[in-house]
Every structure is written in C-alpha cells, then in structure tokens.
Amino acid sequence: MRWRVAPVDAWPEESVRTVEVSEDLRIAVFRVGGRFYALEDRCSHEDAPLSEGEIVDGCCVKCPWHGARFDLATGRPLSLPAVLPVQTFPVIVENGQVFVEVPETLA
Ligand code: FES
C-alpha cells in the first residue's frame, strides 16, 4: 500500500517528514543528499522518535535520546546502546511526489 508523504519541491535537503500509518506505526522519511529514506519512527532501544534525531555524515540518523546511530538506508544500528535494526520501507518518487510503500500487513 502506498502512502503519499509530500511533494519533492516542498521538501528541503536534510529534513524529515512523518507519516502516521496506524496507531502502531509511524514512519520517518528523511531527505539526504537528494535521496529519500524511510524508517520506522521508533528507535529500537527505547522507542524514541528518530524523526527528532540529528542527521549525521549524510548517511545516518542519531537517536535524540541516547545517541545510537542508524544507517538510513538499511536501518542497521551503527552504535550502542541500540543493537537491533529499525525497519525500513521502500520510497518511490513519482510525478514530483514522494510515497512510501507499506506492506498490507502493517497498514
Ligand atoms: S531510545 Fe534511542 S538510543 Fe535509546
């Protein structure tokens, strides 16, 4: 299932948008280096909103609570205290709009 996030034109570099898919799932979509990355907006350590984290080194987001870093492309943790990955989602850019593809089972 596709969720529309925002138009490309209205989305500055190094910024984030969020999508509320359900009560249990919010997705953070980051624009970095002209690309878009979608991750579950919940740190795997203690559930902090990664959308409030800092984008670092053009590839990662730093959790706002305890500083774990996650790879934007894969969701893998790159530093403690997180040890588990965060789920990622495919991003589609079509006709100037950004969409996230969410499996039916999660939508
Ligand atoms: S909640 Fe993210 S590192 Fe602790």
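Evaluate the following for Val21: is it aliphatic (A, V, I, L, M), out of contact with any helix residue (DSSP H, G or I) (no Cβ under 7 Å at 6 or more places or on another chain) and at negative phi? Criteria met by Val21. Selection of the stretch 13-53 for residues being within 22 Å of Arg69 (Cβ to Cβ), more than 13 Å from the chain's Cα centre (by Cα) and either exposed (fewer than 15 other Cβ atoms within 10 Å of the Cβ) or of a type in the set (Lys, Arg) (or both) yields Glu13, Gly33, Gly34, Glu46, Asp47. What number of residues within the stretch 65-107 are farther than 16 Å from Tyr37 by Cα and in contact with a Ser or Thr (Cβ under 9 Å, 6 or more places away or on another chain)? So the count comes out to 7.
Filtering the stretch 70-107 to residues that are assigned to a strand (DSSP E or B), within 15 Å of Arg42 (Cα to Cα) and hydrophobic (A, V, I, L, M, F, W, C) leaves Phe70, Phe89.
Here's the yes/no breakdown for (1) aromatic (Phe, Trp, Tyr); (2) out of contact with any Phe, Trp or Tyr (no Cβ under 6 Å at 6 or more places or on another chain); (3) farther than 20 Å from Val102 by Cα:
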residue	(1), (2), (3)
Thr18	no, yes, no
Phe30	yes, no, no
Ser44	no, yes, no
Leu50	no, yes, no
Pro64	no, yes, yes
Ala68	no, yes, yes
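Each value in this text was obtained by applying a stated rule to the coordinates, not by laboratory testing. Fair warning: this is a prediction, and the values are worked out from it, not measured in the lab. Reconstructed Cβ throughout: ideal geometry from the backbone, glycine too, with neighbour counts over all protein chains shown.
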